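First the structure, in the form of structure tokens, and then the observations on it.
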Amino acid sequence: MFLGDLGFWTFFPDKINQLSVEKGSQTVPEFLGATVKKPQGKRLITLIVALITIVFIGAYTAAQFAAAAKTLDVFFGLDPKIGALIAAIAIMVYCVTGGLRASIWTDVVQAFVVMFVCYGMLAVAVIAGGGIPAILSKLHEIDPNLTNLTAGFTPWTLLALMVGFFFYGFGFNLSQPQVLVRFLAGRSPEETKQAQWLYLAYSYSTWIVMLIFGITCRVLIPGIEDPEQALPLYAMQNFPPVLVGIVLAGVFSVIASTADSQLLVCASALARDIVPSFYHKMSRKYGLKYEQASTLLVGLLAVIATLAISSTVFSLMIFAVSAVAGSIGPAMLIALLKIRTNYIALSATMLAGLTTTIVWRVLGYSDILNEILPGFVVGLLLHEVLMRMVLKSRSHES
């Protein structure tokens, strides 16, 4: 996954910023819509990307609210419905009043809280477990594969896992609107590119630390009912109230720093990109209040989805990311590489990639090969076939 992230950051952030300025695009649906020339083609592409964003990034937002509900259940014994509602209200308040600028500045503050909690929790857990050698020994007793680097998989299965998650890392950055909107908002291509090592250092240090903490909890909390509640549960069992409060702040920082960006891109897609003519009319009449109302509506829908979907936070997040990456990802690659295209071929690419990722995951093949790779392959192959065979005579009108 790191290599996929690194590949994306090496070649594409500055191009995204530069092309967005050239095309005058403020949202990802607008960016991809500007790839084609025909007005009806622009409209179709923009609509497809907007709908994918609202449905699947909305589901991703619902996963964040579900994580908040689980956390509040552990800390305060709150009903999950009330917990999800509290998280949604807290995040929507500053999203509605401050927009993207508020999201970015709160993310900066939240990042420091997250790092403090992550590194601190791991240090405490390792000491409580008797040190790394003792933890490894106990893990081996639970299951020898927990201390086996290959986890008992065959070389071919390991290769498939590695290739699949390379595309997960690459496809995530190339497709997620809540990530791409920051490249679109950059002041220059050079500034956008400079964010590379800060992003990678922060993301991977906190991920790796929490991964090790989760493995350590296999020893410290062996009989836990819901593994996704390990961090707050461990804090409740071992820390004084002040430190528990800091851990709670850290968990909510992770949730909020993800959910606020997702809320804003979904609201933008709903307000601006579904029916642009309606957006211009409402903006002239109500100004900023129209977009604020859209943010509230998206937040409410995400809360409803949280209560309706019975899934782990991790599974829902992976499904949503894969669906967006397998559909928008290939289209973004075509746009950034300036490959000759047509609105019919580009639409078919996204729909084929979306269908493939969903079917691949439903069939269970993602346990070996992440579904983003087949989504990319099918989408790009279909695009090439359509451009070479079916739409060749019409490509100059695209």
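The values are calculated or read from the model by the stated rules, or taken from the named source; none is laboratory data. Bear in mind the structure is a predicted one, so any value in this text is a computation, not a measurement. When we count neighbours, we look across all protein chains shown, and the Cβ atoms used for this are built from the backbone with ideal geometry, even at glycine.
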Note to self: I need the helices (runs of 4 or more DSSP H) fully contained in region 189-239, keeping only those with at least 2 residues that are more than 23 Å from the chain's Cα centre (by Cα).
What the structure shows: 196-220, 230-238
Notebook entry, point to check: Regarding residue 94, is this residue of a type outside the set (Lys, Arg) and under 30 Å from residue 225 (Cα atoms)?
Noted result: no
Notebook entry, point to check: Can you find even one residue in region 226-244 that is buried (at least 18 other Cβ atoms within 10 Å of the Cβ) and among the β-branched types (Val, Ile, Thr)?
Noted result: no
Check: Which residue out of 377, 359, 385, 321 is surrounded by fewer than 21 Cβ atoms within 10 Å (Cβ to Cβ), hydrophobic (A, V, I, L, M, F, W, C) and within 14 Å of residue 164 (Cβ to Cβ)?
Finding: 377
Item checked: Test result for residue 304, β-branched (Val, Ile, Thr), farther than 19 Å from residue 89 by Cβ and in a helix (DSSP H, G or I) -> no
Check: Take the residues of region 11-28 that are touching a residue at least 40 places away in the same chain (Cβ under 8 Å) and within 15 Å of residue 172 (Cα to Cα): which is surrounded by the fewest Cβ atoms within 10 Å (Cβ to Cβ)?
Finding: 12
Checklist line | Selected residue (only one of 237, 292 is touching a residue at least 24 places away in the same chain (Cβ under 8 Å) and of a type in the set (S, T, N, Q)) | finding: 292
Note to self: If I ask for residues that are surrounded by fewer than 22 Cβ atoms within 10 Å (Cβ to Cβ) and closer than 13 Å to residue 61 by Cα, which ones from region 74-88 would you list?
What the structure shows: 85
Check: What is the residue count in region 141-188 for residues that are assigned to a helix (DSSP H, G or I) and charged (D, E, K, R)?
Finding: 2
Check: Is it the case that residue 350 is crowded, with 23+ Cβ neighbours inside 10 Å and in contact with a Ser or Thr (Cβ under 9 Å, 6 or more places away or on another chain)?
Finding: yes
Next item on the list: Identify all residues within region 280-295 that are crowded, with 17+ Cβ neighbours inside 10 Å and at pLDDT 85 or above; write none if there are none.
Entry: 294, 295
Next item on the list: List the helices (runs of 4 or more DSSP H) that sit entirely inside region 1-78 and contain at least 3 residues that are more than 30 Å from residue 234 (Cα to Cα) and β-branched (Val, Ile, Thr).
Entry: 39-52
Item checked: Residue match in region 163-185 (condition: loosely packed, with under 13 Cβ neighbours inside 10 Å and either out of contact with any His (no Cβ under 9 Å at 6 or more places or on another chain) or not hydroxyl-bearing (Ser, Thr, Tyr) (or both)) -> no
Next item on the list: Quick one: count up the residues across region 245-279 that are small (Gly, Ala, Ser) and either in contact with a His (Cβ under 9 Å, 6 or more places away or on another chain) or surrounded by fewer than 19 Cβ atoms within 10 Å (Cβ to Cβ) (or both).
Entry: 3
Notebook entry, point to check: Among 326, 299, 375, which is the only one that is in contact with an Asp or Glu (Cβ under 8 Å, 6 or more places away or on another chain) and part of a helix (DSSP H, G or I)?
Noted result: 326
Notebook entry, point to check: Name the pairs: first residue in region 182-195 and within 12 Å of residue 15 (Cβ to Cβ), second residue part of a loop (DSSP other than H, G, I, E, B) and not charged (D, E, K, R), Cβ to Cβ under 6 Å, at least 6 apart or on different chains?
Noted result: 192/186
Checklist line | Count of region 90-101 residues which are without any contact (Cβ under 8 Å) to a residue 40 or more places away in the chain and either of a type in the set (A, V, I, L, M, F, W, C) or outside any helix (DSSP H, G or I) (or both) | finding: 1
Next item on the list: Return the only residue of 130, 83, 120 being over 21 Å from the mean Cα position of the chain (by Cα), small (Gly, Ala, Ser) and not in a helix (DSSP H, G or I).
Entry: 130
Check: Restricted to region 137-151, and to residues that are without any contact (Cβ under 8 Å) to a residue 40 or more places away in the chain and under 32 Å from the mean Cα position of the chain (by Cα), which residue is surrounded by the fewest Cβ atoms within 10 Å (Cβ to Cβ)?
Finding: 149
Notebook entry, point to check: Is it the case that residue 365 is in contact with a helix residue (DSSP H, G or I) (Cβ under 7 Å, 6 or more places away or on another chain), modelled with pLDDT under 95 and either within 25 Å of residue 11 (Cβ to Cβ) or not β-branched (Val, Ile, Thr) (or both)?
Noted result: no
Check: Taking the stated definitions as given, is residue 341 farther than 20 Å from residue 163 by Cα and at pLDDT 90 or above?
Finding: yes
